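First the structure, in the form of structure tokens, and then the observations on it.
The values are calculated or read from the model by the stated rules, or taken from the named source; none is laboratory data. No experiment lies behind these values; they were computed from the predicted model shown. Heavy atoms of the whole protein, side chains included, go into the accessibility calculation; ligands, DNA and RNA do not. Shrake-Rupley method; radii C 1.70, N 1.55, O 1.52, S 1.80 Å.
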Amino acid sequence: NDVARTGVACFNQGTVEVADTTISRAGVHGICLRGASSVRLERVVVSGCAVRGCYVYQQGTLEMGDCVVRGTTGAEAPAVQAGDTAKLGMVRCVVRDNAGGDLEVALGVSVL
């Protein structure tokens with residue numbers, strides 16, 4: 001659960017599915033993806049990360065269902081951030097109690 005930098009990293013054209021787990025106290029991001037990669041989270045708790053809980057940018061796709069993102073400790077970034085032309089889907093998720101705010105979605109992001 002405790003990781004030095006990032007709990008789950010997915011770049012380029014990778015695909016990752018994570019379910020029924022907790023990612024805690026990552027040194028930077030709990031989940032980070034970019035490029036044409038895709039990450040699907042189901043019933044995942046992301047807590048206590050130093051910067052962001054979940055970060056998707058470039059053309060990445062992040063889908064979250066029944067997840068909780070809480071307790072990020074850095075004030076410099078929101079807990080869930082989608083940038084560039086990423087795709088973000090969140091269903092029945094809770095994002096709260098984060099030092100840098102909860103959610104930021106850039107203008108070019110597609111909401112699934």
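What the table below lists for this structure:
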item	result
Descending semi-axes in Å of segment 31-88, equivalent ellipsoid built from Cα gyration tensor	18, 14, 7
Carbon/sulfur fraction of accessible area - the chain, other protein chains in place, 1.4 Å, %	46
Choice from Gly83, Gly14, Gly60 with maximal GNM fluctuation in the chain (Cα, 10 Å cutoff)	Gly14
Ranking by accessible area, most exposed first, for Thr22, Thr61, Thr15, Thr85 with a 1.4 Å probe	Thr15, Thr85, Thr22, Thr61
Solvent-accessible surface ranking, highest first, for Glu63, Glu104, Glu76 at 1.4 angstrom	Glu76, Glu104, Glu63
